Amino acid sequence: MSRVTESDERVLIEAAQQDPGRFAELYELNFHRVYAYVACRVRDRSQTQDLTAHVFQQALANIGKFKWRGAPFVTWLYRIAANAIADQARKQSREVAETELATNAAADADLERVERRARLFYAVEALPEDQRKVILLRFAEEKSIRDIAADLNRSEGAVKQLQFRGLETLRARLRE
């Protein structure tokens, strides 16, 4: 890479501000320095490549806003890179926090579901014998009212009444 003077760099910036197609020259002059800057701070090759590309996309999108203040153009690119690295770090820490929250929420939901099922099993076990049989056959074994009536030598109406009373008792106990 040949040495570029301040005035040469200024000419290149003004040309890119007039014609974004001329930004390629600034890209070529600064790519390796920006890539090295990002690589020293990120350490992951894929992220380094993505962030470097992002820096130049931002620079191209905002080249019209660039004001010459006597500092080399690469200083502006480094500032864009530093902001992009910070943004990515914040995003990753948020994602980690959200993943931990989701994992904790899922674990809490699983624990709550297990506790609810345990309360239900205890409540079913405490039902009177006939009601417990009907509830278990109907919901655990998924038998029809007709099949349960045949198994228990009861009428379908009697099975429906036992099911109704059993469910009402369960609702009342589970509300407690």
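Taking the criterion of being surrounded by 12 or more Cβ atoms within 10 Å (Cβ to Cβ), under 29 Å from the mean Cα position of the chain (by Cα), in a helix (DSSP H, G or I) and modelled with pLDDT of 90 or more, would at least one residue in the range 4-25 satisfy it? Within the range 4-25 (the criterion being surrounded by 12 or more Cβ atoms within 10 Å (Cβ to Cβ), under 29 Å from the mean Cα position of the chain (by Cα), in a helix (DSSP H, G or I) and modelled with pLDDT of 90 or more), the answer is no, since none of the residues qualifies.
Against the condition in contact (Cβ under 8 Å) with a residue 40 or more places away in the chain, in a helix (DSSP H, G or I) and surrounded by fewer than 16 Cβ atoms within 10 Å (Cβ to Cβ), how does LEU101 come out, does it pass? No, not satisfied. No other residue among ARG33, ARG69 is free of Cβ contacts under 8 Å to residues at least 40 places away in the same chain and over 26 Å from the mean Cα position of the chain (by Cα) apart from ARG69.
Contact annotation: residue pairs with Cβ atoms under 9 Å, 6 or more positions apart or on different chains, pairing a residue in the range 113-127 that is closer than 11 Å to LEU174 by Cβ with a partner that is surrounded by fewer than 12 Cβ atoms within 10 Å (Cβ to Cβ), are VAL124/ALA140.
The values are calculated or read from the model by the stated rules, or taken from the named source; none is laboratory data. Not measured: the values here are computed from a predicted model. Methodologically, a virtual Cβ is constructed for each residue, glycine included, from the backbone with ideal geometry; neighbour enumeration extends over all protein chains shown.
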